[in-house]
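Nothing in this text is a laboratory measurement; each read-out follows from the coordinates by a stated rule. Remember, it's a predicted structure, so these values are computed and weren't measured experimentally. Positions of Cβ are backbone-derived with ideal geometry, glycine not excepted, and every protein chain shown enters the neighbour counts.
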Amino acid sequence: MKKVGLVLALMLSVSAQAAFVDITNVGDPDTFLVEGHKVGSTAAEQAWVNDQLGVTGITWEVKVADVDYFATDLDDIFAFELLLEPEFFLVKNATRIALFENVESLDWGVFDMTALSNAFHFGDDFTISHVTEFDASECVGCGPGTHNVPEPTTLALLGIAILGFAGYRTKYG
């Protein structure tokens with residue numbers, strides 16, 4: 001009887017550990033941007049994200065239903081694996097959506113439950129309806145780090161080089 005109790009205790013402790021992930025493996029929580037009422041389609045989600053950020057060109061990459069998430073070793077911080085290392089992601093339940101900027105470990109979505117309003121209730125079984133990942137590589141109006149070097153800067157550098165060669169030729173030529 002003692003062996004059965006020991007086996008059950010070990011099984012419970014192993015299954016409880018499987019539901020947790022160390023925060024050092026997934027990075028700090030991503031930046032919470034905004035929360036809103038659920039919108040219908042993926043296209044509507046995309047339009048909502050662009051509107052909330054005041055930009056154009058952010059496109060959805062993938063939508064994942066039945067998300068497996070993990071509690072971290074910090075209170076109210078949860079993490080789930082992302083498929084494509086997106087710049088932004090939406091977490092959705094039955095009635096609400098929340099937009100996050102993926103800032104640290106790009107292959108993990110990490111969010112702080114305390115950043116969400118009380119209206120964003122995941123239910124007793126803490127269900128995430130789905131996660132939508134968004135690409136900002138074609139974004140117009142996004143912040144630093146999302147654009148290539150602008151062409152006018154390249155042309156200015158080329159012009160300075162030409163002037164330098166002309167000056168060198170005049171002085172030593």
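Worth pointing out:
- Each Lys or Arg adds one and each Asp or Glu subtracts one; over the other residues with Cβ under 13 Å from the Cβ of GLU138, this totals -3.
- Protection proxy ranking of 79-90, 159-170, 58-69, 33-44 - average other beta-carbon atoms within 10 Å, highest first: 79-90, 58-69, 33-44, 159-170
- Gyration tensor verdict on region 20-148 (Cα atoms; rounded if a/c is under 1.5, prolate if a/b is larger than b/c, oblate otherwise): oblate
- Counted residue by residue at 0.36 nm each, then reduced by the alpha carbon distance between them, the extension gain from GLU81 to PHE165 reaches 24.9 nm.
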